[in-house]
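Since the structure comes first, as structure tokens, the remarks are kept for the end.
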Amino acid sequence: MTKPIIAILGAGNIGQSIARGLLESKAFQAEQLILTKRRIGQLADFKALGVRILDNNPQAVSAADIIILAFKPHKIKAVLTEIDPYLKEDRHVLVSVATGVFLHEIRDILSDEVAVFRAMPNTAIAVRESMTCICGENANGGQEQMIIDLFNQLGIAIKIEEEHMDAATVLAACGIAYALRFVRANMQGGIEIGFDATDALNIASQTVKGAAALLIEGHQHPEDEIDKVTTPQGCTIAGLNEMEHRGFSSSLIKGIAASFQKIRSS
Ligand SMILES: NC(=O)c1ccc[n+]([C@@H]2O[C@H](COP(=O)([O-])OP(=O)(O)OC[C@H]3O[C@@H](n4cnc5c(N)ncnc54)[C@H](OP(=O)(O)O)[C@@H]3O)[C@@H](O)[C@H]2O)c1
């Protein structure tokens with residue numbers, strides 16, 4: 001499949017972010033994309049770029065190779081039933097980004113043995129910096145690589161087992177909010193020690209970006225990098241230890257566990 005046609009059905013927030021990211025990556029051209037939603041007037045910007053816009057899901061499926069379902073979870077069953085007659089196992093690959101909809105629930109509705117994936121991106125997909133966790137069923141190695149390659153255009157994608165999808169939702173999707181709250185707290189501290197809000201936000205954001213780059217690009221363990229900035233009896237270790245006395249790591253771990261319990265009980 002040299003130039004697959006990708007249909008994003010239910011192109012709202014996440015669907016449009018995926019579409020925008022794929023176009024910006026230059027790995028996909030506008031004529032390879034089809035977007036659907038009922039209020040197609042909201043997709044005028046994409047239409048102007050040459051993307052095909054439809055309010056008809058079966059028509060989009062018939063014209064595409066990769067189908068991305070970007071609906072709210074409660075819509076998935078009805079749309080799958082609608083498009084099932086048009087899905088063919090020798091042509092289509094299906095990807096659902098709906099939270100909490102299991103692979104077996106999707107496959108139970110399908111008549112053909114279509115390759116099915118679940119992908120859990122986060123909102124940084126809007127700037128092509130998503131962490132996307134992917135699991136699949138009924139797919140061959142080539143199809144699996146094709147879907148990982150696609151989401152690698154939108155950040156970093158890894159394959160995981162489906163049993164870890166809830167944990168991926170917490171660490172990657174909820175994780176964006178945890179990281180942003182960390183930046184906001186830094187910002188508030190920065191204002192208290194003398195910066196205005198704009199400078200405090202810029203300094204805090206770029207510092208967090210730099211710390212992440214040390215780990216991702218430098219392949220370092222966090223504690224190795226912390227050792228480099230903690231001079232004996234210095235100000236960094238004094239601040240860090242004070243944070244730990246007040247439960248910094250513990251509260252973060254407890255928060256992650258609480259999110260996980262919530263997702264598992266809902
Ligand atoms: N936001 C996140 O951080 C995130 C992260 C990972 C996964 N997810 C998952 O992504 C999914 C989508 O979330 P979202 O925030 O993008 O939702 P959203 O903005 O509501 O997008 C869903 C879109 O589906 C369209 N739609 C509804 N019924 C339709 C139909 N029958 N045919 C065609 N289009 C239809 C709606 O547009 P019309 O009303 O105009 O049709 C709507 O714009 C959810 O399942 C969520 O769990 C979200």
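Please verify whether segment 184-203 includes one or more residues that are out of contact with any strand residue (DSSP E or B) (no Cβ under 6 Å at 6 or more places or on another chain), within 26 Å of Lys254 (Cβ to Cβ) and among the basic types (Lys, Arg). Checking segment 184-203: at least one residue is out of contact with any strand residue (DSSP E or B) (no Cβ under 6 Å at 6 or more places or on another chain), within 26 Å of Lys254 (Cβ to Cβ) and among the basic types (Lys, Arg). In the condition set (1) of a type outside the set (Gly, Ala, Ser); (2) at pLDDT 95 or above; (3) under 11 Å from the mean Cα position of the chain (by Cα), Thr123 is compliant with all but (2).
Yes/no matrix, rows are residues, columns are (1) surrounded by 21 or more Cβ atoms within 10 Å (Cβ to Cβ); (2) within 28 Å of Lys26 (Cβ to Cβ):
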residue	(1), (2)
Asn57	yes, yes
Val61	yes, yes
Thr81	no, no
Asp84	no, no
Arg91	no, yes
Ser96	yes, yes
Phe102	no, no
Ile106	yes, no
Val127	no, yes
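Can you confirm whether segment 57-65 contains a residue that is out of contact with any Cys (no Cβ under 8 Å at 6 or more places or on another chain), more than 9 Å from the ligand (Cβ to nearest atom) and assigned to a strand (DSSP E or B)? Checking segment 57-65: not a single residue is out of contact with any Cys (no Cβ under 8 Å at 6 or more places or on another chain), more than 9 Å from the ligand (Cβ to nearest atom) and assigned to a strand (DSSP E or B). The set of residues in segment 11-31 that are part of a loop (DSSP other than H, G, I, E, B) and either over 18 Å from the mean Cα position of the chain (by Cα) or farther than 17 Å from Ser96 by Cβ (or both) comprises Lys26, Ala27, Phe28, Gln29.
Under the condition of being basic (Lys, Arg), within 11 Å of the ligand (Cβ to nearest atom) and assigned to a loop (DSSP other than H, G, I, E, B), the residues counted in segment 66-103 number 1. Exactly one residue out of Ile34, Ile8 is within 13 Å of the ligand (Cβ to nearest atom), outside any helix (DSSP H, G or I), without any contact (Cβ under 8 Å) to a residue 40 or more places away in the chain and among the β-branched types (Val, Ile, Thr): that is Ile34.
The values are calculated or read from the model by the stated rules, or taken from the named source; none is laboratory data. These figures come from a predicted structure and were not determined experimentally. Cβ coordinates were reconstructed from backbone atoms using ideal geometry, including for glycine residues, and neighbour counts include every protein chain displayed.
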